[in-house]
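First comes the structure, then the notes that go with it.
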Amino acid sequence: DKAEQNQAPTSKRIAVVVSTLNNPWFVILAETARDRAIELGYETTIFDSQNDPSKEAAHFENIVASGYQAILFNPTDADGSVANVRRAKNANIPVFSMDREINATDVTVSQILSDNYSGAVLIGKEFVKQVGKTGKYVELLGLVGDNNTWNRSKGFHSVVDRYSGLEMVAQQSADFDRAKALEVLESVLQANPDINAVFCGNDAMAMGAYQALAASGKAEQVKVFGFDGADDVVKLIAEGKIAATGMQFPKVMARTAAESADAYINGKRDFPAKTPVGVELVTLDNVAQYSDFGRK
Amino acid sequence: MTSSPDIVLEALDICKSFPGVRALDKVSLTLRKGRLTALLGENGAGKSTLMNIVAGVFKQDSGDVKLAGETVSFNTPREAREAGISMIFQELNLVANLTVAENIYLSREPLNKLGFIDADKMNKDAADLLKQLDLAVEPTTPLSQLRVGQQQIVEIAKAISCKAKVLIMDEPTSAITEHEIEVLFGIINKLKQQGVAIAYITHKLEELVRIGDDAIVMRDGKLISSAPLKDLTRPEIVQMMVGREMKSIASRQSPELGPEVLRVEQLSLKHPQRVNDFVFKNVSFNVHSGEVLGIFGLMGAGRTELLESIFGLHHRQVAGQFFVNGQPVNITSPQDAIKLGLALAPEDRKSEGLVLGMSVQENASLACLAQFGKMGFTDLDAERQLADDIVARFRVKTPSVHQTIRNLSGGNQQKVILGKWLANKPLVLLLDEPTRGIDVNAKDEIYKLIHELAAEGLAVIVVSSELPEVQALTDRVIVLCEGRKTAEFSRTEATEESIMSAALPNGVEKS
Amino acid sequence: MVIAISLLSDSFLTPDNGWNILRQISVNLCLSIGMTLIILSGGIDLSVGAILALAGAVAAGVLKNGIALPMFDILLQFSLAGAVVIGIAVGFMLGWFNGFVITRFRLPPFVATLGMFSIARGLTMLWTGGFPVTGLGEDFSFLGTGAVFGMPMPVWITLALVVLFVVITRKTRFGRYLYAVGGNERAARLTGINVNSIKIWVYALGGALAGVAGLLVTARLDSAQPNAGLGYELDAIAAVVIGGTSLSGGRGTIMGTVLGCLIIGVLNNGLFLLNVSPFWQQVIKGLIILIAVAIDRINANDQER
Amino acid sequence: MVIAISLLSDSFLTPDNGWNILRQISVNLCLSIGMTLIILSGGIDLSVGAILALAGAVAAGVLKNGIALPMFDILLQFSLAGAVVIGIAVGFMLGWFNGFVITRFRLPPFVATLGMFSIARGLTMLWTGGFPVTGLGEDFSFLGTGAVFGMPMPVWITLALVVLFVVITRKTRFGRYLYAVGGNERAARLTGINVNSIKIWVYALGGALAGVAGLLVTARLDSAQPNAGLGYELDAIAAVVIGGTSLSGGRGTIMGTVLGCLIIGVLNNGLFLLNVSPFWQQVIKGLIILIAVAIDRINANDQER
Ligand SMILES: Nc1ncnc2c1ncn2[C@@H]1O[C@H](COP(=O)(O)OP(=O)(O)OP(=O)(O)O)[C@@H](O)[C@H]1O
Ligand SMILES: Nc1ncnc2c1ncn2[C@@H]1O[C@H](COP(=O)(O)OP(=O)(O)OP(=O)(O)O)[C@@H](O)[C@H]1O
Ligand SMILES: O[C@@H]1[C@H](O)[C@H](O)CO[C@H]1O
Ligand SMILES: [Mg+2]
Ligand SMILES: [Mg+2]
């Protein structure tokens, strides 16, 4: 096709397009994908979409124009990214999405996904187990424009809302950000000093929430639940200070994506449309098996 | 009330207050067809305020304005203009980044059939107008490239181009030279013949002989007199303005000259735009302790830039040598100049001399703040003392030293600037048009001050465009013409004819 | 800069990449044209990115779902053209509100538009519930992804806007007044220009252009994202300033802004093509902006003196 | 506003919540003090948020890992005080660089600091590799979370800075020159003030204060986040402007800025206390900013005329 005719590639190239590098979780994802692709013999570049589907669109255009062989893709948005991927598909560049789903099955070769909803269901169940059937809690949402925010929130509520004794006294956004979570919880605690638990849409917010609680001497009384499996949170779970988190496997997803792309380039064509990578519940009981963002 | 047919505009018992100031207290004014009415009074008497009310800029607190017998009330200057009242404001009201023609026709641009601005017609009309006014600039020149005097002429062009029935001119001649004044007077007389009623504010009483018909004199917001000019003598007018009798400027005695304090040799400044051209070239002169040296020249002769160059402003473009107390020195910035004992009161007080948002006290101490207090802290009491001293010594009219300096009249602002520099105990004082826009009384006070300072041993260099001022003030005059020093006169040689002929470019004859 | 990048990467100077760059700058250019007007008039607008998001979301919403008026039991359906008009109208109205607040209550434009930023972001979230509006149909997508005579639609649209606003700024009274108001507001007022009305129009136009930009973004992605346009106001201001327009008003041109957008676009594109790591990209981009504008300044100063 | 919130929520007017609000505004206040100086001098600084991040990351990095000098085979270890000094010094130097570029090459401050924004963000990513630097020890955390005599450390630190800079702006020559430069740069220059040196100092101080803010953020989170301070520059500018400082320079006070920060802080806190939905929060916040500043304007105008 056109791109390939124009640019007789000097070497084999793979692009890693990541939604943002402003969050270490994605840095791990992107760098693991890159490193694996390099190991497999590709020249590899990371493109940072800065959480903006339009910037992502620009990356895809540039990638198409300069003739990469495959794209390892972490979308900015399930819907907003569809048109971008279609553009690559039309140029015959295979796209393997990682972590986040996109709402179209026909455009990617394969989606290697974190099952956010199910993971949050697991957290919800653990929440009921640890907090009990009555109590007050706060939910800290991630970026309100991000669909993982809502997948996690919905998964969690699908369980917890069945218990009418569990009252959500505040639901606020802290943008997946540690500093914001700290401030939001500080304020929320003023109005609700008697809460029993906090559910956070990711671990950065769980850390911020934990710090707010620790600072006001409520860390013992209030249970914190996170999502991701970040380093600090895993450590605090081991110390019994954070209740649980949903462990995602960014490194597994990234490696799988890179290896699939390599297989595709070498002629393989049958890939499952979706490869869900389960989210595992990490609690004090099983924390020994985990390190940051993965199993030991 | 008798209304005669030649009355075009009447203002009746106008009152207007600003916070803390009663700017107008029952002032009335009548403008007649084909006659020029002068508004006279000291700085702050309320002349501009009255005219701003007539032109729709301010609203009066009470009183009526009648145009052709009808009471009118304008909400904007545009409404006034559409009713036939056009005003040249005291402060330039031009847009620096537009061209000359664009400024003249701003808000009245000619349009072509498509509704777009007809630039060709506009430039052609502007060119005609500029020719009438004898201003030799292209209509397409950006206004920012014109000097203040030329801009003032553009302002005049703008006002007369709307063919108004009433034309108000607030100090139109304060920034232009003899030649332009001639041209302007010609136009004024023509407009009068066409029946235009003119209100004219000026501090240059001698102009009135040439163009004036009637006059009102104001003091502290009150009307003192309203009469035909032929019934008034100059001393009477001045006395009414000031409220007391005034001695005319004491003629300057030949001073005791001290040693030479400043000498410049072969000073040249490259032209900002034109390669290989100079704003001024190879200018040399010196000045002694106790001496007042005048620098005369026509508009654009290069005097302002000469002073600025001495003060270290254009040092990358300047060639030549400076000597202070006989020693060769480098002056590469105003700081250097100040350290060597120089002080400059710039031409444009408001935009260059003062921080308008600061108080009298803060402006007064700005040049010598380092003298008060230690370790970078300012001793506010000492600062206050300084400001009080300046206010007392120079008789600055201000309610308090904490008054924002923007609210002072021009003469009083100028006194603060002088005071600020003197606190620094300079050797040489550079004054660029020190009395522009300043009333007779304040002017006289500033002359006296300058002479006192010289008597105390200061060297003073005064740039002025007013011949009488140069003659009254200075001990020696050098004349610049198109950037060259064309003559140097001692006090006795400095006659009007000799100075003017040195100032005029070759081949130009003055009518 | 262009030369340096082309020497370093063969993919840079290809026609394809040329269209790429133009398509990529079209949204920023759209915002930057409005921002130029606003800055020329002596103001600033921090809300254009937020208005972009709201306009895109509203247009997408009415196109997809219409507007239900429960009290009359009516569902208004909108054609593509209707949705486009509504999107632009939303931008226009919010911009108009900016101008109204700035002139009526004399709020500093910085504060007024910062307030609007927050309001429009919130309204977008309320309108969309935080979810993108997707599946807007081929016709609408065509605006963002189609091409006519080989030239991408967004480029056609922005080209038309550039021409329109070059004419407006250079040939019309409105354009002239814009410069006058920004250059010397007092003089403009005393000369009889209705300064407030000019300002309100300027912000309203800036808003309408943000509406157009919102349509372009939405059409390109076939999806209205609730957090679209985050930070775009700074990109637009940067393009305007790099293009030589003075932030204090009265001086600058639309063509300068086009150049500013091109510089930024070429820079972004070139750094990717050169395979610079994303972290270094930021450092280099910052340095190049500094150097580009510094060179511009040095040249300007040489001419001035 | 305070009254309205207290009527609506009992938790608002408690001493605890008072400390809470003060602790929360301390970072913004720190940046805003610097921003006040910069705006008073007639400039603007878009890089303070980015400088905050870099300063925090560098301080955390040297505290945790020291600096390795491979060519001398030395590992420099840093005490807490050393790390604090280094953090502030990093801020100071970047700010100095801003001032240098602005005065030496006459870049518009907007562009120069936008360039620095990008550079400092990139450097932060390069320094941290995109990962937070965590586990900085009790002593360091104490700066952010501890309290002395019941008053939180960040509040002590910012209080000291407020006092210091109130004195500097009101009592020192430097402060006076600041107002003069911002009020009329040319007149200041003609009066013999070294305008360039004042400006460089102003930006350097702004940078140093961003460094302090970076330390506070890092200490409070016990972690230097690479993306710390995103968007904080706008919050700081907003606080300064809401506090009555004119963006054109020369007019304003530190105490006004303190008030501006308080208004924003009370607003944020109150909206959380009332558990307003995040979507509505943005709308309400925008409206309240508009209304607060409009009322301020109306009062000011009443006094003026
Ligand atoms: N906008 C204003 N706000 C406050 N006070 C003002 C304002 N304009 C003028 N004044 C005051 O009103 C009085 C009259 O001022 P006005 O400008 O009319 O004087 P003027 O006779 O034109 O003086 P000059 O010869 O210096 O131009 C002065 O005391 C002045 O300080
Ligand atoms: N901004 C400028 N742009 C272009 N030329 C200028 C500019 N300013 C001054 N000049 C030129 O410099 C020369 C000297 O101007 P300058 O203002 O020093 O004259 P002056 O004798 O002080 O006149 P004035 O009576 O207006 O004060 C003139 O030839 C003028 O054309
Ligand atoms: O899956 C990722 C991570 O959880 C991150 O912390 C926030 O964004 C989500 O999409
Ligand atoms: Mg006057
Ligand atoms: Mg001059």
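Side notes on the structure shown:
- Label spacing, shortest first and in nm, from C:V85 to its equivalents in the remaining copies (7 angstrom along Cα→Cβ): 7.0
- Alpha-carbon centroids, the range A:88-110 and the range D:37-77: separation in whole Å: 41
- Per-residue ellipticity at 222 nm computed for the protein assembly as shown from its helices equals -16500 deg cm²/dmol, with DSSP H segments shorter than 4 residues left out and the rest contributing -39,500 (n - 2.57).
- Helix B:148-160 axis versus longest C-alpha principal axis of chain B: approximately 0°, rounded to the nearest ten.
- Of all lysines in the structure, those lying under 27 Å Cα to Cα from B:K190, and not within fewer than 8 positions of it along the same chain, are B:K33, B:K47, B:K66, B:K121, B:K124, B:K131, B:K158, B:K163, B:K165, B:K204, B:K230, B:K510.
- With neighbours defined as other Cβ atoms within 10 Å of a residue's Cβ, the residues B:T71, B:T177, A:T45 order from fewest to most as B:T71, B:T177, A:T45.
- Label-point spacing for D:A147 across the identical copies (point 7 Å from Cα in the Cβ direction), in nm and ascending order: 6.5.
- Positive minus negative residues near B:N123 (Lys, Arg vs Asp, Glu; Cβ under 15 Å): +1
- Placing a label point 7 Å from the Cα of D:R297 along the Cα-to-Cβ direction, the distances to the matching points in the other copies come to 3.1 nm, shortest first.
- Peptide C:217-226 has a mean shielding of 6, counted as Cβ atoms of other protein chains within 10 Å of each residue's Cβ.
- Averaged over residues, the count of other Cβ atoms within 10 Å places the peptides B:93-100, B:117-124, A:73-80 in the sequence A:73-80, B:93-100, B:117-124, highest first.
- Value of relative contact order over the range A:152-256, rounded to a whole percent, pairs C-alpha under 8 Å and six or more apart: 21
- Across D:K171/D:K199; B:K222/B:K420; C:K285/D:K64; C:K285/D:K285, pairs whose alpha-carbon gap is larger than 26 Å: B:K222/B:K420; C:K285/D:K64; C:K285/D:K285
- Fewest-first ordering of D:M151, D:M35, C:M71, B:M51 by other beta carbons within 10 Å of each residue's beta carbon gives C:M71, D:M151, B:M51, D:M35.
- Peptide-level mean, for B:103-112, of C-beta atoms on other protein chains within 10 Å: 4
- Sorting A:S153, A:S291 by the number of Cβ atoms found within 10 Å of their own Cβ, with the fewest placed first, yields A:S291, A:S153.
- The GluC sites (Glu not before Pro) of the range B:82-119 meeting both criteria, a DSSP state outside H, G, I, E and B (loop) and at most 15 other C-beta atoms within 10 angstrom of the site's C-beta, are B:E91.
- Selection of trypsin sites (Lys or Arg not before Pro), the range B:164-219, meeting DSSP coil and at most 15 other Cβ within 10 Å: B:K204
- Principal-axis tilt of helix B:440-455 within chain B, Cα atoms, nearest 10 degrees: 0
- Packing-based ranking, highest mean first, of D:251-264, A:276-289 given that Cβ atoms within 10 Å are counted: D:251-264, A:276-289
- What the Cα atoms of the protein assembly as shown give is an Rg and a Dmax of 35.7, 112 Å.
- Cα shape, the range C:1-153, gyration tensor, a/c 1.5 rule: oblate
- Anisotropy class of the range C:88-176 from Cα gyration tensor, a/c 1.5 cut: oblate
- For B:T99, distant residues with modelled amide H under 5 Å away: B:L143
- Membrane-span-like helices in chain D (whole DSSP H runs, Cα extent of at least 30 Å along the helix axis, mean Kyte-Doolittle hydropathy of at least -0.5): D:15-40, D:80-104, D:195-221, D:278-304.
- For the range A:232-274, trypsin sites (Lys or Arg not before Pro) meeting the loop criterion (DSSP other than H, G, I, E, B) and having at most 14 other Cβ atoms within 10 Å: A:K268, A:R269.
- For chain C: rounded, prolate or oblate by the Cα gyration tensor [a/c cutoff 1.5]: oblate
- The range D:26-230: relative contact order in percent, alpha carbon pairs under 8 Å with at least 6 residues between: 45
- Straight-line reach from A:K129: taking Cα to Cα under 25 Å and skipping same-chain neighbours fewer than 8 places apart, the lysines in range are A:K154, A:K218, A:K223, A:K235, A:K241.
- Peptide-level mean, for B:372-379, of C-beta atoms on other protein chains within 10 Å: 3
- On Cα atoms only, tilt of B:119-132 relative to the major axis of chain B in degrees: 70
Each value in this text was obtained by applying a stated rule to the coordinates, not by laboratory testing. What you see is a predicted model; the values in this text were computed from it and never measured. Backbone-built Cβ (ideal geometry, glycine too); neighbour counts: all protein chains shown.
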